[in-house]
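Novice: One structure coming up, written as structure tokens, with questions to follow.
The values are calculated or read from the model by the stated rules, or taken from the named source; none is laboratory data. Here the structure is a predicted model, which means the values were calculated and not measured. Glycine gets a Cβ as well: all are built from the backbone with ideal geometry, and neighbour counts include every protein chain shown.
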Amino acid sequence: MKSNIVRAIGVLTLGSLYFLSGTENMSAANYSPVSCSSQPFFSANSCDLCYEEKTPVIVDQRLTGLYDTWVWNDMNPPIVYEDEQTLRPMMVDIAGPGTEWWYSSTDPASIFQLVPTIPWTMTGSTNRKVTTIEKWKILKFMEQKEWSYIYLKSTDKKEWEFLGMMKFPLIYRYIDPVTGKESDPIPHYECVTYKMGATQSGITIVPPKTETVVTPPQPTPVVAATTPTPVPKQLDAAPTPTPKQITSTKTGPELYFLAVIIALITPALIIFRRRRA
């Protein structure tokens, strides 16, 4: 049976999609419908309606605030039982082992929940919670829990290559307009693909987280004031005493008298020697 659950593009959106990286964000208006026969992984995952997120994803961005909305385009609206909604949206690996997604929890039920405002009513016969998807009435059904995230940790994909695919489930029952009987539970899946954004050389590398180490200024050590050691004044050396002269040459009158006698005797001696000769 062909599903009558549709997306009214321009009237209905799949949900608000936020990528948190600083202040950067994207909205669900970027979803573009594509043929489910365009990629083999759509049919491999039983996708009933297929979309492509036109804004690419880059490493270190988070998917948060996701939710899905549903609308019916037929006169006979389907019903949805709360206890049959055992499946939760999940990221399907279509990129291979080179791409790694991280999650705030390994349990999808810890990431997504049924919207608390769904107008459930209690059935009289089975005492089960049930709601109806009225024709052209938008029903917000599943939403991502606050503080949860789906995070692109790393990838080896180049720009515009597929990174992953979100798969949004809904289990409903069709009401036969003639017999009024309910059908068996019918699973319905809508799939949204995400592609790689531009990076250097076309390949994303997880940037290492670095911390700038700031060395605080070192305080100037305080040196205690010290009293300078007085340098003893060098005394002038005592002058070397001049030795007293013990003897001295004296030239008195007696020396002149002797010189006169020698001068008188010398000629007489010379004459005496000549005569003897």
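Novice: Tell me which strands (runs of 3 or more DSSP E) are completely within the stretch 27-90 and hold 1 or more residues being in contact with a Gly (Cβ under 7 Å, 6 or more places away or on another chain) and of a type in the set (S, T, N, Q), or say none if there are none.
Specialist: Where strands (runs of 3 or more DSSP E) fall fully within the stretch 27-90 and carry at least 1 residues being in contact with a Gly (Cβ under 7 Å, 6 or more places away or on another chain) and of a type in the set (S, T, N, Q), they are 67-72.
Novice: Looking at Thr121 and the list (1) in contact (Cβ under 8 Å) with a residue 24 or more places away in the chain; (2) in contact with a strand residue (DSSP E or B) (Cβ under 7 Å, 6 or more places away or on another chain); (3) surrounded by fewer than 17 Cβ atoms within 10 Å (Cβ to Cβ); (4) not aromatic (Phe, Trp, Tyr), which single condition is not satisfied?
Specialist: (1)
Novice: Sticking with this structure for a sec: Of everything in the stretch 125-135, what is assigned to a loop (DSSP other than H, G, I, E, B) and closer than 17 Å to Ile175 by Cα? Give them in sequence order.
Specialist: Within the stretch 125-135, the subset assigned to a loop (DSSP other than H, G, I, E, B) is 125-128, 133-134.
Scanning the stretch 125-135 gives Ser125, Thr126, Arg128, Ile133, Glu134.
Novice: In the stretch 105-121, is there at least one residue being touching a Gly at 6+ places or on another chain (Cβ under 9 Å) and part of a strand (DSSP E or B)?
Specialist: Taking the stretch 105-121 first, the residues touching a Gly at 6+ places or on another chain (Cβ under 9 Å) are none.
Scanning the stretch 105-121 turns up no residue that is touching a Gly at 6+ places or on another chain (Cβ under 9 Å) and part of a strand (DSSP E or B).
Novice: So, one more: So which of Trp160, Trp147 is within 17 Å of Gly197 (Cβ to Cβ) and either among the hydroxyl-bearing types (Ser, Thr, Tyr) or surrounded by fewer than 15 Cβ atoms within 10 Å (Cβ to Cβ) (or both)? Explain how you work it out, then say what you get.
Specialist: Numbers: Trp147 fails: within 17 Å of Gly197 (Cβ to Cβ).
That would be Trp160, the only listed residue that is within 17 Å of Gly197 (Cβ to Cβ) and either among the hydroxyl-bearing types (Ser, Thr, Tyr) or surrounded by fewer than 15 Cβ atoms within 10 Å (Cβ to Cβ) (or both).
Novice: Hey, another quick one. Please go through the stretch 148-200 and pick out each residue that is of a type in the set (Phe, Trp, Tyr) and either outside any strand (DSSP E or B) or at pLDDT 90 or above (or both). Even if it seems obvious, please write down each step before you answer.
Specialist: First, pick out the residues of the stretch 148-200 that are of a type in the set (Phe, Trp, Tyr): 149, 151, 160, 162, 168, 172, 174, 189, 194.
Tyr149, Trp160, Phe162, Phe168, Tyr172, Tyr174, Tyr189, Tyr194 - these are the residues of the stretch 148-200 that are of a type in the set (Phe, Trp, Tyr) and either outside any strand (DSSP E or B) or at pLDDT 90 or above (or both).
Novice: Collect the residues in the stretch 145-181 that are among the β-branched types (Val, Ile, Thr) and closer than 16 Å to Trp102 by Cβ, keeping them in residue-number order.
Specialist: Within the stretch 145-181, the subset among the β-branched types (Val, Ile, Thr) is 150, 155, 171, 175, 178-179.
The answer is Ile150, Thr155.
Novice: Looking at this structure, is Thr106 under 33 Å from the mean Cα position of the chain (by Cα), at pLDDT below 90 and at negative phi? Steps first, answer last, please.
Specialist: On the way: under 33 Å from the mean Cα position of the chain (by Cα): yes; at pLDDT below 90: yes; at negative phi: yes.
Answer is yes for this residue.
Novice: Let me ask another. Quick check, is Met142 under 45 Å from the mean Cα position of the chain (by Cα) and either within 27 Å of Cys36 (Cβ to Cβ) or surrounded by 15 or more Cβ atoms within 10 Å (Cβ to Cβ) (or both)? Walk me through how you get there before you give the answer.
Specialist: Details: under 45 Å from the mean Cα position of the chain (by Cα): yes; either within 27 Å of Cys36 (Cβ to Cβ) or surrounded by 15 or more Cβ atoms within 10 Å (Cβ to Cβ) (or both): yes.
Judged against the criteria, Met142 is a match.
Novice: Another question about this same structure. Looking only at the stretch 40-65, filter to residues that are of a type in the set (S, T, N, Q) and surrounded by fewer than 19 Cβ atoms within 10 Å (Cβ to Cβ); which one of those is nearest to Met91 (Cα to Cα)?
Specialist: Of all residues in the stretch 40-65, those of a type in the set (S, T, N, Q) come to 43, 45-46, 55, 61, 64.
Remaining after also requiring surrounded by fewer than 19 Cβ atoms within 10 Å (Cβ to Cβ): 43, 45-46, 55.
On the way: Ser43: 16, Asn45: 11, Ser46: 14, Thr55: 17 Å.
Across the stretch 40-65, the extreme among qualifying residues is Asn45.
Novice: Which numbered condition in (1) surrounded by fewer than 18 Cβ atoms within 10 Å (Cβ to Cβ); (2) at pLDDT 95 or above; (3) under 24 Å from the mean Cα position of the chain (by Cα) is the only one that Glu82 fails?
Specialist: The single condition Glu82 does not satisfy is (3).
Novice: Examine the stretch 176-184 for a residue that is in contact (Cβ under 8 Å) with a residue 40 or more places away in the chain and either crowded, with 16+ Cβ neighbours inside 10 Å or among the hydrophobic types (A, V, I, L, M, F, W, C) (or both), and state whether such a residue exists.
Specialist: No: zero hits.
Novice: Being touching a residue at least 24 places away in the same chain (Cβ under 8 Å) and in contact with a Pro (Cβ under 6 Å, 6 or more places away or on another chain) narrows it down to one residue among Tyr51, Tyr31; which is it?
Specialist: Working: Tyr31 fails: in contact with a Pro (Cβ under 6 Å, 6 or more places away or on another chain).
Tyr51 is the lone residue from the list that is touching a residue at least 24 places away in the same chain (Cβ under 8 Å) and in contact with a Pro (Cβ under 6 Å, 6 or more places away or on another chain).
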